[in-house]
Structures are given as structure tokens and as C-alpha cells.
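A short write-up of the structure that comes next.
The values are calculated or read from the model by the stated rules, or taken from the named source; none is laboratory data. Owing to the predicted nature of the structure, the values given are computational and were not obtained by experimental measurement. When we count neighbours, we look across all protein chains shown, and the Cβ atoms used for this are built from the backbone with ideal geometry, even at glycine. With ligands, DNA and RNA removed, areas are computed over all heavy atoms of the protein, side chains included. Shrake-Rupley method; radii C 1.70, N 1.55, O 1.52, S 1.80 Å.
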Amino acid sequence: AQKVTQAQTEISVVEKEDVTLDCVYETRDTTYYLFWYKQPPSGELVFLIRRNSFDEQNEISGRYSWNFQKSTSSFNFTITASQVVDSAVYFCALSENAGNMLTFGGGTRLMVKP
Amino acid sequence: EAQVTQNPRYLITVTGKKLTVTCSQNMNHEYMSWYRQDPGLGLRQIYYSMNVEVTDKGDVPEGYKVSRKEKRNFPLILESPSPNQTSLYFCASSFGTRDTQYFGPGTRLTVL
């Protein structure tokens with residue numbers, strides 16, 4: 001069965017600090033897909049990134065970057081020079097190629113203080 | 001505008017009073033799904049549908065029903081709501097399970 005663990009339930013940083021949100025997953029499938037979503041205080045779920053298991057290249061999008069490491073089953077998310085607007089709950093999720101469901105981690109609440 | 005809509009956005013009801021939360025998408029997606037979000041538990045899948053007339057249970061289906069009579073609509077039915085179904089509910093859609101799911105704005109349900 002697939003499983004996603006976000007061990008950090010809450011992180012607090014001061015603006016301009018870098019912060020890394022951890023995501024560890026479990027799957028028996030060799031082909032799978034990983035996602036990150038952001039849930040700001042307004043409550044909607046905003047898609048950030050999708051990666052497949054064959055693409056281990058790290059990705060950078062502005063202040064956001066993702067580090068995918070199959071060897072440690074991790075897909076960590078780093079925000080560089082954090083801003084107050086980054087305050088949100090962030091979810092990591094996993095979909096197996098052989099399955100029909102998307103499994104979410106418990107989420108990490110990030111608070112960026114001015 | 002491509003979107004997933006849910007109605008109502010907020011609902012307070014009493015135990016045992018049947019209710020339906022509607023979900024509609026305009027992206028011609030085949031896959032649709034319902035989740036509930038509870039503190040510390042993330043989002044858990046209730047039911048999903050691979051296509052019209054094809055539905056299946058997720059991780060927490062007890063107390064819920066769904067139907068998929070049209071491609072764009074996927075209502076969630078609580079025939080006899082109980083207080084433990086108080087939660088934030090999200091509908092989502094995508095072309096397939098490997099694809100990015102797009103979420104509706106959420107429905108906050110309180111069962112007294």
C-alpha cells in the first residue's frame with residue numbers, strides 16, 4: 001500500500017529564511033507520480049508540481065525547488081528567501097501507476113513571520 | 001475558465017438529515033474524486049470515479065454514496081449524516097489518476 005509521511009507538522013521561520021519541507025513516501029510500484037499542493041489560509045488547494053518516478057532531475061521554479069531522491073524515497077520542497085505569502089499548509093501526495101488513488105501526507109503548516 | 005465547482009460552500013445540518021454536495025467540472029475530465037480533510041490527517045479519499053457509471057471506494061467510504069451519471073457531475077450523498085462526518089470536503093478532477101488533480105473550493109460541513 002502506498003503511504004506518504006510529512007514528519008514536520010508545523011514550521012515557523014522568519015521572512016527571508018530558507019526552509020525545507022520533507023516528504024517521504026512508500027510504494028511497491030516502480031512507476032509512480034509525486035505531487036505538491038499548497039493550501040493558503042483561504043482554503044483552496046493549489047497545485048505546485050508533479051514528478052514521475054523516472055525523472056530524478058531536481059526542479060527549480062523561482063524561489064521554489066524540489067529535490068527528488070529515489071534512493072531515500074524522498075521528495076523534499078525548499079522555499080528560498082521565504083515570504084509572508086508563503087504561509088500555508090503544504091501537502092505532498094503520491095499516485096501509483098498500478099492504482100487509482102491519490103494518497104496525501106498529513107501536511108506541513110508553514111508560518112513565515114515578518 | 002477551467003474549474004471545479006462545489007455547492008454549497010458551507011452547510012450546517014443535523015444528524016440524520018440527508019444531504020447532497022454537488023461537484024461539477026468543465027474540463028472534460030474522466031477522473032473525479034471526493035476527499036475529506038481533517039486536522040492532522042491530511043486529505044483522505046472517499047470515493048472516486050474513472051468514468052461515467054464507474055465508481056469505486058477510496059480509503060474512507062463509510063457513510064457516503066456517490067453517482068456518476070454524467071461526465072461533468074459527481075455528487076456526494078450523505079444519506080444519514082453523523083457528527084463524525086463534520087469535515088472539509090473537496091472534489092477534484094483530472095484526465096486520469098497519473099495526471100494532476102484540480103480541486104474545487106471546498107465545502108465545510110458541520111453535522112450537529
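Worth a mention:
- Residues of the range B:60-96 satisfying the condition of being closer than 21 Å to B:LEU41 by Cβ and in a loop (DSSP other than H, G, I, E, B): B:VAL60, B:PRO61, B:GLU62, B:GLY63, B:TYR64, B:PRO81, B:SER82, B:THR86
- Any hit, the range B:71-85, residues being over 14 Å from B:THR5 (Cα atoms), open to solvent by 20 Å² or more (accessible area, probe 1.4 Å) and facing chain A (nearest Cβ under 9 Å): no
- Top-ranked residue of the range A:1-44 - restricted to ones that are touching a Gly at 6+ places or on another chain (Cβ under 8 Å) and of a type in the set (S, T, N, Q), ranked as modelled with the lowest pLDDT: A:GLN2
- Of the numbered criteria (1) within 14 Å of chain A (Cβ to nearest Cβ); (2) open to solvent by less than 40 Å² (accessible area, probe 1.4 Å); (3) within 13 Å of B:CYS23 (Cβ to Cβ); (4) not acidic (Asp, Glu), the one B:THR97 fails is (3).
- Residues being polar (S, T, N, Q) and more than 28 Å from A:THR5 (Cα to Cα) - total across the range B:33-87: 5
- Here the range B:18-36 is the region considered, the condition is being open to solvent by 10 Å² or more (accessible area, probe 1.4 Å) and over 13 Å from B:GLY104 (Cα atoms), and the residue that is nearest to the other protein chains (Cβ to nearest Cβ) is B:GLU30.
- You will find that of A:LYS38, A:LYS113, the residue that is more than 14 Å from chain B (Cβ to nearest Cβ), among the basic types (Lys, Arg) and either open to solvent by less than 60 Å² (accessible area, probe 1.4 Å) or more than 13 Å from the chain's Cα centre (by Cα) (or both) is A:LYS113 and no other.
- Some residue of the range B:41-48 being outside any loop (DSSP other than H, G, I, E, B), open to solvent by 60 Å² or more (accessible area, probe 1.4 Å), within 14 Å of another protein chain (Cβ to nearest Cβ) and within 21 Å of A:PHE47 (Cα to Cα): yes
- When each of A:GLU44, A:GLU26, A:GLU59, A:GLU17 is tested for being acidic (Asp, Glu), more than 30 Å from B:ARG108 (Cα to Cα) and free of Cβ contacts under 8 Å to residues at least 40 places away in the same chain, the lone residue that passes is A:GLU59.
- Every test in (1) within 14 Å of another protein chain (Cβ to nearest Cβ); (2) open to solvent by 10 Å² or more (accessible area, probe 1.4 Å); (3) not small (Gly, Ala, Ser) is passed by B:TYR89 save one, and that test is (2).
- Verdict on A:ASN58 being at pLDDT below 95 and within 13 Å of chain B (Cβ to nearest Cβ): no
- Verdict on A:THR27 being surrounded by fewer than 20 Cβ atoms within 10 Å (Cβ to Cβ) and either among the acidic types (Asp, Glu) or away from chain B (no Cβ under 12 Å) (or both): no
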